[in-house]
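Participant: Starting off with a structure, shown below.
The values are calculated or read from the model by the stated rules, or taken from the named source; none is laboratory data. Worth saying up front: this structure is predicted, and the values here are computed from it rather than measured. Virtual Cβ from ideal backbone geometry, glycine too; neighbours counted across all protein chains shown.
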Amino acid sequence: MIHDNDIDMAINAGIFGDRTAFEDRYIEDHEKLRELVGYWKNLGLKIVLTSGTFDLFHIGHAQYLEKAKELGDILIVGVDSDEKVKARKGPDRPVVPENERVLILAHMRHADVITLKHLDDGSNNLIKVVSPDILVVSKSTKHKEGEVDEKAQYCKEIVLMEPQSETSTSAKLRLIQIKKDA
């Protein structure tokens, strides 16, 4: 016989629990992630995917993740690896290394699953692996012509989300550098 306490313990565990549960929330292996997503979809859960650098985590990041989570049952967050960030934003970035950025996100209750996106991953690799019900993309990201349309073929719906704050990590870093050089 299953007791209410047993159900509460089962529901409040792993990615569904209140703890950080880093060992459950961080999934490095994308093939394992693909299997888990298939399992969750078979349970009827709506999968939401978003990604970003999440360097110098700020209130806009937290609000963005909260709004993304509201769109479905499980929010998967792809985090750009250090190597990928350096290639895109320059040799002085990221300020916060990937292992810390991933740990910070594991502490954010809205992020159910966190995985890294590597520089050598193919185009739209994580989107293809997850094949989300909803892909959340920030309107502040500078997408090339046709890039959003290309992503659409690997998911059921794309939500273009407005930035959740005026905070710009890059702008703040430039301001610090200017003050330092002055």
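Participant: For the stretch 57-70, does any single residue satisfy the condition of being within 18 Å of S165 (Cβ to Cβ), part of a loop (DSSP other than H, G, I, E, B), under 13 Å from the mean Cα position of the chain (by Cα) and in contact (Cβ under 8 Å) with a residue 12 or more places away in the chain?
Facilitator: yes
Per-residue answers, yes or no, for (1) modelled with pLDDT under 70; (2) touching a Cys at 6+ places or on another chain (Cβ under 7 Å):
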| residue | (1), (2) |
| --- | --- |
| P132 | no, yes |
| K139 | no, no |
| E147 | no, no |
| S165 | no, no |
| K172 | yes, no |
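Participant: Any chance the stretch 80-95 includes a residue that's buried (at least 21 other Cβ atoms within 10 Å of the Cβ) and in contact with a Lys or Arg (Cβ under 6 Å, 6 or more places away or on another chain)?
Facilitator: For the stretch 80-95, residues buried (at least 21 other Cβ atoms within 10 Å of the Cβ) and in contact with a Lys or Arg (Cβ under 6 Å, 6 or more places away or on another chain): present.
Participant: Pick from D149, D92: which is in a loop (DSSP other than H, G, I, E, B), of a type outside the set (F, W, Y) and either more than 20 Å from I15 (Cα to Cα) or touching a helix residue (DSSP H, G or I) at 6+ places or on another chain (Cβ under 7 Å) (or both)?
Facilitator: D92
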